[in-house]
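The structure appears below as C-alpha cells.
The values are calculated or read from the model by the stated rules, or taken from the named source; none is laboratory data. Computed from a predicted model, the values in this text were never measured in an experiment. Glycine also receives a Cβ, built like all others from the backbone with ideal geometry; neighbour counts cover every protein chain displayed.
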Amino acid sequence: MILQKPVRIYLYIILVSVVTPAIWAQPAAGAQMDMRLTLTDQAPTAHNTVTSFCYQSHGSDYVYAGGDGGYIDVFLLGKGGQLMPHGRHKLFNEKGPARGLYADQVAGTDFLFVGNKGGNAVEVFRINTEGQLERVFVLHDTDSTYVGVVITLRVIHIGESSYLFVGGLEESPGLSCFRIQPTGELVHVQSMADTDDLHTDGIIGMYAHTIEGNTYLFTGGFQDNGVSSFRVHDDGTFENVNNIADNRTDRFLTGAYPVDGVTLGGNHYVLVGHRHHKYYKRSGFIKQKDFFYHGDGVSVFRVASDGRLVPHHVFIDNEQTKLSGQTRIEVLPMSDQEAIVAVGTRDDKSIQLLKMTEDGKLTALHAYDTGYPIYYGVASQRVEGSLFFIAGSVDFGLKKLYSYEVKTSPERLQHIVGFQFKDEVTPTQIEEAVKVFMAMPDDIPQILSMKGGLNVSKQGFGKGFTHCFNLTFADEQSRDTYIDHPAHLKVVDQIRPLLDDILVFDYWPQ
C-alpha cells in the first residue's frame, strides 16, 4: 500500500522523536554576539578626507575632517549619528592637507593640533565653547625639528605638563617633542633623527602607554618597516627602548602604517597594521626596494613592564577578511576584557571589524564594504551609549564623510530553506535527507546555528512544503561561502533528486 503524504509525516515525527531527538537543533561552536556597521548619515566635505578625529568639548561631540585643499571641516555628531556641519576653517597656507589631527585639553583649554603636511608645519587651534576653531599658534619646520611633511601627532600628559610628539615623512625623518604651553604655544624639547636602528622613517602612527608610573611612546616606521618603543621622561625628553623589524614568519610590518593600542585585563598591547609597499604605484617613493611580500596582517605586541615591545600575536588576512592596504586602526574598549578593532583599508575599500580579548588575540567579526578607499580617515566616538565610527575617503571625487553605528545586538543573517518532497519518497529517505542536511554545521563553520522542523500550521497555506530549516550566518559573505562550500554542494546533490520544490529566503531581523 502506498502511504499518503499526511500519514507519512506522522510516522516521521515518531521516528525523529524516538530515534534522533538531537538533529533538530545544531548550534555552532563558538557562536558569538555579532557586531556590524550600519550607515547612519553622510555629509559633504570641502575636499577629500585624508584624516578625521572625534572629540567631546563642552558637552558636545565634534568630528574634525581634513583633506587636500587646506580646509578643516567641523561637524556636530548627534546622538543618532547625524553629521551636522558646524564650520569650515582654512589652514594658514590654504594648501594642506591636514594630515595629522589630534584634540586634547591642556591646562583647562581644549585645543586641536593639526599637522599641515604640505606646509611643513603644526597649527594649533583653540576650541571655543561653541565648538568653533581659533588659530593661536603655527610651528614651522626647522633644520633640527623634523617636522617636514608632518604626518602624525600625539599628546602625552605627564604630571602637570603636556607634550606634543610629532612624526614626519620623506626628506627629514625623525621624532620631535614639544611642550604645550597653556596658550597653545609649542616649545621645542627634543628631536631625534632617524637612524638605521630606529623605525622612525615615516611615522604614520603613534600610541602611548603609562606602565607603573612610566610613560612609553610607540612609533611605526613606514619606510624602514618596523616599530620602535621610547621611554618619555617627566621633562619630555625621550630615549629609545627597543626596535622590532619585519620578518618573513610572524610579523607583518612592511610599510608599517597605523598604530594603536589598548589595555585589557591589565595587559598593555600595541596593534600595528601595514600598507605593504607592493600597493604603491608612486615612482621613487619607496626607499627600500628589496621588500618581500608575505601577505597582509595585523600584528599585536605586548608591552613589557620596562616598555619593550614583545611580539605576541598576528591576525592574518584570509578569504573571509579584508585587510589589504591597512591605513587606519581604531581600537575601542567595550569592557576591561574586550575591545572592538576597526581596520580601515585603502586597497580593499572596507572597514574590517575585529574582536580583541584580554589574552591579546584577534578574531574576525564583520567586514563592511565602504566602496571607497580610506587613507587615514577613520575615527570613533560614543554618544549617549551608542557607538559610532566615522569614515571618509581619499577619493577626490567623493568629498563626503560618513557615520556608521556599531550594532552589538545578535542581528545575524537568517537563511530560510523549505523542502517539498516527492510523493514517492519514503519516510526513511526523508529521515536520512534531514539528518544529512542538519549535519552541515559540522563541516561548514560559517553556519553559526541551524534549526529545523515540520510544518504544523492549521491554516493550509504551506504550498506543499513540509519541512523548514533556519540557518544563521554572520553576514552575506559567510552565507556566500556556505553556498559554494563543497560540503553544501555534496548535500545538494544528495537531496535535490528527492524534492518536488525548494524555497530559499534570506533576511536581516529588524
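The table that follows gives values for the structure above.
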read-out	value
Selection status of ALA103, of a type in the set (Gly, Ala, Ser), at pLDDT 95 or above and more than 23 Å from the chain's Cα centre (by Cα)	no
Residue selected from the stretch 159-217 under the condition exposed (fewer than 15 other Cβ atoms within 10 Å of the Cβ) and of a type in the set (A, V, I, L, M, F, W, C), by the criterion farthest from the chain's Cα centre (by Cα)	VAL187
Verdict on PHE388 being of a type in the set (Phe, Trp, Tyr), within 30 Å of PHE53 (Cα to Cα) and out of contact with any Leu (no Cβ under 8 Å at 6 or more places or on another chain)	no
Subset of the stretch 286-309 (residues that are under 16 Å from ILE204 (Cα atoms) and either assigned to a loop (DSSP other than H, G, I, E, B) or of a type in the set (Lys, Arg) (or both))	ILE286, LYS287
Single condition VAL504 does not satisfy, out of (1) touching a helix residue (DSSP H, G or I) at 6+ places or on another chain (Cβ under 7 Å); (2) surrounded by fewer than 17 Cβ atoms within 10 Å (Cβ to Cβ); (3) touching a residue at least 60 places away in the same chain (Cβ under 8 Å)	(1)
Residue check for GLU123: crowded, with 17+ Cβ neighbours inside 10 Å, out of contact with any Gly (no Cβ under 7 Å at 6 or more places or on another chain) and among the charged types (D, E, K, R)	yes
Filtered residues of the stretch 389-424 (kept if surrounded by fewer than 17 Cβ atoms within 10 Å (Cβ to Cβ), hydrophobic (A, V, I, L, M, F, W, C) and not in a strand (DSSP E or B))	PHE396
Sole residue being closer than 16 Å to THR38 by Cα, hydroxyl-bearing (Ser, Thr, Tyr) and within 13 Å of the chain's Cα centre (by Cα), chosen from THR370, THR345, THR363, THR327	THR370
Among the candidates PRO441, PRO497, residue that is in the same structural domain as ILE416 (by TED's automatic domain parsing) and more than 17 Å from GLN414 (Cβ to Cβ)	PRO497
Residue list for the stretch 60-86, filter: at pLDDT below 95 and more than 24 Å from the chain's Cα centre (by Cα)	GLY69, GLY70, TYR71
Output for the stretch 131-149, where each listed residue is within 20 Å of PHE92 (Cβ to Cβ) and part of a loop (DSSP other than H, G, I, E, B)	GLN132, ASP141, THR142, THR145, TYR146, VAL147, GLY148, VAL149
Search result, residues across the stretch 150-174 that are within 19 Å of GLY221 (Cα to Cα) and in a loop (DSSP other than H, G, I, E, B)	VAL150, ILE151, GLY168, LEU169, GLU170, GLU171, SER172, PRO173
Residue pairs meeting the criteria (Cβ under 6 Å; at least 6 apart or on separate chains; first crowded, with 19+ Cβ neighbours inside 10 Å, in the stretch 444-470; second modelled with pLDDT of 90 or more and among the β-branched types (Val, Ile, Thr))	GLN446/THR481; LEU448/THR472; PHE469/VAL417
Lone unmet requirement of (1) of a type in the set (Gly, Ala, Ser); (2) more than 15 Å from MET334 (Cβ to Cβ); (3) part of a strand (DSSP E or B) for SER380	(2)
Residue check for ALA103: out of contact with any His (no Cβ under 9 Å at 6 or more places or on another chain) and surrounded by fewer than 24 Cβ atoms within 10 Å (Cβ to Cβ)	yes
Of residues in the stretch 356-388 being out of contact with any His (no Cβ under 9 Å at 6 or more places or on another chain) and acidic (Asp, Glu), the one surrounded by the most Cβ atoms within 10 Å (Cβ to Cβ)	GLU358
Any strands (runs of 3 or more DSSP E) falling wholly within the stretch 447-510 and containing at least 1 residues that are in contact with a strand residue (DSSP E or B) (Cβ under 9 Å, 6 or more places away or on another chain) and of a type in the set (Asp, Glu)	499-507
Members of the stretch 40-59 that are within 14 Å of GLN381 (Cβ to Cβ) and either more than 23 Å from the chain's Cα centre (by Cα) or not aromatic (Phe, Trp, Tyr) (or both)	THR40, ASP41, SER52, CYS54, GLN56, SER57, GLY59
Every residue from the stretch 307-327 that is among the basic types (Lys, Arg) and either under 20 Å from HIS294 (Cα atoms) or touching a helix residue (DSSP H, G or I) at 6+ places or on another chain (Cβ under 6 Å) (or both)	LYS322
Filter pass, VAL138 being at pLDDT 95 or above, within 24 Å of PRO258 (Cβ to Cβ) and over 27 Å from the mean Cα position of the chain (by Cα)	no
When residues of the stretch 464-475 are limited to those that are modelled with pLDDT of 85 or more and in contact with an Asp or Glu (Cβ under 8 Å, 6 or more places away or on another chain), the one farthest from LEU353 (Cα to Cα)	GLY464
Output for the stretch 321-337, where each listed residue is surrounded by 15 or more Cβ atoms within 10 Å (Cβ to Cβ) and not in a loop (DSSP other than H, G, I, E, B)	GLN326, THR327, ARG328, ILE329, GLU330, VAL331, LEU332
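Quick grid of which residues meet (1) at pLDDT 95 or above; (2) more than 23 Å from PRO445 (Cβ to Cβ); (3) not β-branched (Val, Ile, Thr):
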residue	(1), (2), (3)
VAL341	yes, no, no
LYS349	yes, yes, yes
SER386	no, yes, yes
ALA391	yes, yes, yes
SER403	yes, yes, yes
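Residues checked against (1) aromatic (Phe, Trp, Tyr); (2) in a strand (DSSP E or B); (3) in contact with a Ser or Thr (Cβ under 7 Å, 6 or more places away or on another chain):
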| residue | (1), (2), (3) |
| --- | --- |
| SER176 | no, yes, yes |
| GLY184 | no, no, no |
| LEU198 | no, no, yes |
| GLY205 | no, yes, yes |
| GLN223 | no, no, no |
